[in-house]
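Data first, discussion second: the structure below is written as structure tokens.
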Amino acid sequence: MNMTESNISIQGVNLLDIAHRYGAPVYVYDADVIKRQYDTLLDAFSGVNVKIKFACKALSNISVMRLLRSFGSGLDTVSIQEVELGLYAGFEPHEIIYTPNCVSYEEIQSAIGKGVVVNIDNLSVLERFGHDYGNSVPCCVRLNPHILAGGNHHIQTGHIDSKFGISIYQLRHLLRIVQTYNIRVNGLHVHSGSDILDAGVFLQGADIIFDAARNFSDLEFIDFGSGFKVAYKDDDVTTDIQDMGKKISKAFNEFCDEYGKKLELWFEPGKYLVSEAGYFLVKTNVIKQTVSTVFAGVDSGQNHLIRPMFYDAYHRIINISNPEGTPRVYSVVGYICETDTFAWDRKIAEIREGDILCFLNAGAYGFTMSSNYNSRLRPAEVLVYQGKDILIRRRESLDDILSTQIEAVF
Ligand SMILES: *Cc1c(COP(=O)(O)O)cnc(C)c1O
């Protein structure tokens with residue numbers, strides 16, 4: 001993004017113009033930033049056979065999926081609907097990994113029927129899978145190495161009480177099932193949740209997985225999930241991708257030498273690929289002075305961007321209608337009948353009613369976590385690609401809300 005004050009633009013397209021053209025609220029994505037992030041990750045792991053599977057729950061617009069596919073990315077999915085969207089978007093089944101948790105066995109069978117890579121995260125499911133498919137269909141197994149990252153408790157999945165993955169302490173049981181049914185385990189997976197800070201934590205997890213991997217003879221890949229940290233504030237510490245790439249590649253290559261086969265190394269980044277690429281533009285409806293604070297009330301709320309309320313997430317907010325205005329302190333709140341506070345006591349260039357505010361780092365878990373609460377309509381999405389803005393999702397209308405309802409007659 002070009003932040004030369006009065007002309008805040010991406011790829012030369014002015015953000016304020018986008019807000020005027022498509023209306024607010026609107027999500028805007030910068031394809032160049034997605035490409036940059038994708039390339040950075042590939043470069044960092046250039047020493048190994050790396051495959052990137054975009055975790056599309058972060059941003060599941062099919063145009064964004066297609067964009068990532070054009071870069072060479074595969075897809076990480078967590079529901080049969082995401083699998084179906086991915087296939088619809090043009091991914092080949094083998095490019096898609098399906099990592100469900102606590103879904104019905106029928107859903108897993110359906111995914112197997114579609115030919116995608118199935119990642120099993122429960123012993124009872126593995127047993128049923130073995131019974132039904134034997135070694136006719138390979139599968140990946142999700143392990144929980146119980147590595148604790150320093151991140152937000154809400155998004156940690158590796159702790160001892162986690163519902164994700166098969167505990168590494170159940171490895172013997174797992175192996176007995178694999179042997180009994182002659183299951184062809186072609187991949188091992190570990191995803192410890194978001195916000196892992198450094199290569200050290202990753203390597204700790206990797207060592208445990210390598211140890212486990214020595215028990216499986218049919219491996220083709222090891223999937224290290226995600227957890228790349230993204231900076232939301234200026235002083236946020238982020239993952240040093242280059243450093244991590246070097247260290248993990250070295251450890252991985254050493255393991256492959258010992259294993260006697262060049263395996264693929266998979267990652268499933270969501271946030272890392274699309275967070276920074278996203279901007280969320282909202283219009284200021286009212287400025288409300290109370291005895292203790294000044295509220296800027298916007299035409300959005302937890303229904304469109306729930307991360308601040310759900311995860312205590314911090315999003316930078318800038319006033320793109322008045323970027324050179326004198327900074328003042330505001331609490332930015334939504335219009336939903338809940339305490340949907342986006343930001344407390346934030347210094348923002350003077351906000352006037354009607355001004356367009358821009359949330360930064362809004363590409364991941366923004367639109368995909370949106371809802372129709374308060375019967376509000378979901379916003380439009382715009383992709384800026386090769387210097388042009390493309391509408392990739394129209395704003396909803398009341399008809400969208402009514403379309404699934406069946407009228408009872410009284
Ligand atoms: C959510 C998720 C990801 C992506 O996590 P990010 O923090 O967005 O990178 C990757 N793999 C699995 C299995 C997930 O559930």
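Values in this text are rule-based calculations from the coordinates and carry no lab data. Because the structure is predicted, anything quoted here is derived from the model rather than measured. Cβ: placed from backbone, ideal geometry, glycine included. Neighbour counts: every protein chain shown.
Computed values, structure above
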{"quantity": "Amide H contacts of I390 (H built 1.01 Å from N, under 5 Å, at least 5 apart or other chain)", "calculated": "L383, V384, Y385"}
{"quantity": "C-alpha long axis of helix 199-213 to longest principal axis of the chain, angle in °", "calculated": "30"}
{"quantity": "Percent RCO, i.e. relative contact order, over the chain, from Cα pairs under 8 Å lying at least 6 residues apart", "calculated": "20"}
{"quantity": "Rounded tilt (10° steps) of 105-114 against the dominant C-alpha axis of the chain", "calculated": "90"}
{"quantity": "Phi-based couplings in Hz for region 222-228 (Karplus 6.51, -1.76, 1.60; Gly and Pro marked x)", "calculated": "10, 10, 8, x, 9, x, 5"}
{"quantity": "Peptide ranges 330-342, 221-233 listed from the most packed, as the mean C-beta count within 10 angstrom indicates", "calculated": "221-233, 330-342"}
{"quantity": "Nearest-ten-degree value, helix 171-181 long axis tilted from longest Cα axis of the chain", "calculated": "60"}
{"quantity": "Sequence-distant lysines (8 or more away, or on other chains) whose Cα lies within less than 20 Å of K388", "calculated": "K35"}
{"quantity": "GNM top mover of L16, L75, L398 - the chain, alpha-carbon springs below 10 Å", "calculated": "L398"}
{"quantity": "Contact order relative to length of region 313-355, as percent, for alpha carbon pairs under 8 angstrom and 6 or more apart", "calculated": "47"}
{"quantity": "Mean Cα-pair separation over length for region 99-268, i.e. relative contact order, pairs under 8 Å, 6 or more apart, %", "calculated": "20"}
{"quantity": "Calculated [θ] (222 nm, deg cm²/dmol) that DSSP helices of n ≥ 4 give over the chain, each run adding -39,500 (n - 2.57)", "calculated": "-9000 deg cm²/dmol"}
{"quantity": "Choice from N253, N374, N186 showing the highest fluctuation, given a GNM over the chain with Cα pairs closer than 10 Å", "calculated": "N374"}
{"quantity": "For R328, residues with placed amide H under 5 Å, excluding near neighbours", "calculated": "I348, A349, E350"}
